[in-house]
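The values are calculated or read from the model by the stated rules, or taken from the named source; none is laboratory data. All values derive from a computational prediction rather than experimental measurement. Don't worry about glycine lacking a Cβ; one is built from the backbone with ideal geometry, like all the others, and counts go over all protein chains shown.
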């Protein structure tokens, strides 16, 4: 009967953990904001708002494009191939267009579809 050998596993912690770097990064961001915000907060607020408005507008434009594309394929699929698959595509296209109406700025949805855009002062 062979003898069993006992093994000892030593687990050494090498280097710094990633959690310390996370706290350093958060601390650095806090210090940056404490120095930067008192001087540039109003400009930063409008710049961030404008940036997010443009991002949402681009995402909304893609939603309109893919929504119309899915609706066209859905209508074609209803009449040509499989009606059940066509209804699914039609519903997906409707949901994407509905979502685009919320993502885009007021009036841009109308200007994309041939309507007149709402003036900037509209709230």
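Of note, residue 72 satisfies the criterion of being surrounded by fewer than 16 Cβ atoms within 10 Å (Cβ to Cβ), at negative phi and out of contact with any strand residue (DSSP E or B) (no Cβ under 9 Å at 6 or more places or on another chain). Only one of the listed residues (79, 39) is assigned to a helix (DSSP H, G or I), loosely packed, with under 14 Cβ neighbours inside 10 Å and in contact with a helix residue (DSSP H, G or I) (Cβ under 9 Å, 6 or more places away or on another chain). That residue is 79. Scanning segment 90-112 for residues that are at pLDDT below 65 and in a helix (DSSP H, G or I) returns 108, 109, 110, 111, 112.
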